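Read-outs: derived from the displayed coordinates by stated rules, not from any lab. Not measured: the values here are computed from a predicted model. Here the Cβ is made from the backbone with ideal geometry for all residues, glycine too, and neighbour counts use every protein chain on show.
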Amino acid sequence: MTAQDVLQSPHKYRLRVADYLALAKFGAFDGMCTELIEGDVIVMSPEFRPHWYVKSELAYQLRKSLEHSGSSLFSGEEGSVALSENDMPRPDIIVTNEPRGEGPIPLVSVRLLAEVSNTTSVTDMGSKADLYARYQVPEYWVADVTGRVIHQMWSPTDGRYVEQRAVAFGAAITAATIPGLTVETAAL
């Protein structure tokens, strides 16, 4: 494709992570919670109590279980994860072996990602699951606040998770890819 082709043909410009970070540095997203998905800046909705409570409690239970099992992994909330040149999502919960450092959390350190869905379950179970599977995130959970269930996915193959199960709130959920990690969900 030549420069003339690009100028004559309308198209969408996909931001790179470097572009996104430069825009953020200069205040383009001040006051907004955003993430970069496939080059698009996604502005996320305000977080209300049902989502906030489940996210906070699940993150706490994850951290508690990791500490109890003697794991060196860290469970934190709302960090940006560098998946690719055009993808830097901000999952609700990240389990990583590299919580410290500068910039986004590197993909190679991610062991589990979790999204909490109150109004976003179609996206979280669809395009977000596909995105995380495409980049080989070992395990992905979607806590569906309305359905009161955690959808657990693992074994990413050819851009999708081939292993899945649903665990109702109130039952314990055991990670498929992190030995010794079992999370109590009774308080969710």
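When the label point is put 7 Å from the Cα of T119 along its Cα-to-beta-carbon vector, which residues of the stretch 142-169 have a backbone N closer than 19 Å?
Within reach of a label on T119: 143-148.
Quick one: compute the contact order of the stretch 48-188, relative version, from alpha carbon pairs under 8 angstrom and 6+ residues apart, as a percent. Intermediate results must be reported in sequence, preceding the final value.
Values: 288 pairs, mean separation 27.3, N = 141.
This gives 19 percent for the stretch 48-188.
Name the most mobile residue of G27, G126, G147, meaning the one with the largest mean-square fluctuation, in a Gaussian network model of the chain with Cα contacts below 10 Å.
Maximum among the listed residues: G27.
What share of all Cα pairs of the stretch 30-132, in percent, falls into each consecutive 10 Å distance bin?
14, 47, 34, 5
Any idea how far apart T157 and T182 come out in nm if each label point goes 7 Å out from Cα toward Cβ?
Going by the 7 Å Cα→Cβ label model, 2.7 nm.
Collect residues whose amide H, placed 1.01 Å from N in the peptide plane, falls under 5 Å from the amide H of I105; neighbours closer than 5 in sequence don't count.
The list, which skips near neighbours in sequence, is S80, V81, A82.
Limiting things to C-alpha atoms, what are the Rg and the maximum Cα-Cα separation (Dmax) for the chain, in angstroms?
For the chain, the Cα radius of gyration and maximum Cα-Cα distance read 17.5, 61 Å.
Under a Cβ-only charge scheme (Lys and Arg +1, Asp and Glu -1), can you give me the dipole magnitude of the chain about the Cα centre, in debye to the nearest 20?
220
With just the Cα atoms defining each centre, how far is the stretch 20-88 from the stretch 140-170? Give it in Å.
Centre-to-centre (Cα) distance: 18 Å.
Just want the answer: with Cβ charges of +1 for Lys and Arg and -1 for Asp and Glu, which residue in A186, Y161, I105 is farthest toward the dipole's positive end in the stretch 68-188?
A186
To make sure I understand the rule: partners must be aspartates and glutamates, Cα under 12 Å from the Cα of K64, and not fewer than 8 residues away in the same chain. Which ones qualify?
Cα-Cα hits under 12 Å: E184.
Quick check on the chain: helices-only [θ] at 222 nm, where DSSP H runs of length 4 and up contribute -39,500 (n - 2.57) each and the sum goes over total residues. Nearest 500, please.
One gets -7500 deg cm²/dmol as the mean residue ellipticity at 222 nm.
Of T174, F48, P91, which is farthest on the positive side of the dipole of the chain, counting Cα position, with +1 on Lys and Arg Cβ, -1 on Asp and Glu Cβ, and the Cα centre as origin?
T174
Identify the trypsin sites (Lys or Arg not before Pro) of the stretch 63-160 meeting these criteria: DSSP loop state and at most 10 other C-beta atoms within 10 Å of the C-beta.
Counting only loop positions with at most 10 other Cβ atoms within 10 Å, the trypsin sites (Lys or Arg not before Pro) in the stretch 63-160 are R100.
Just tell me which lysines come within less than 22 Å, Cα to Cα, of K12; anything on the same chain fewer than 8 places away is out.
Cα-Cα hits under 22 Å: K128.
State, to one decimal in nm, how far the label point of K25 lies from the label point of R100, with both points 7 Å from Cα in the Cβ direction.
Between K25 and R100, the label points sit 2.5 nm apart.
Compute the FRET efficiency between S9 and S84 as 1/(1 + (r/R0)^6), taking r as their Cβ-Cβ distance and R0 = 35 Å, and round to the nearest 0.05.
Result of the calculation: an efficiency of 0.90.
Please find the FRET efficiency linking A171 to D40, where r is the Cβ-Cβ separation and R0 is fixed at 41 Å, and quote it to the nearest 0.05.
0.70
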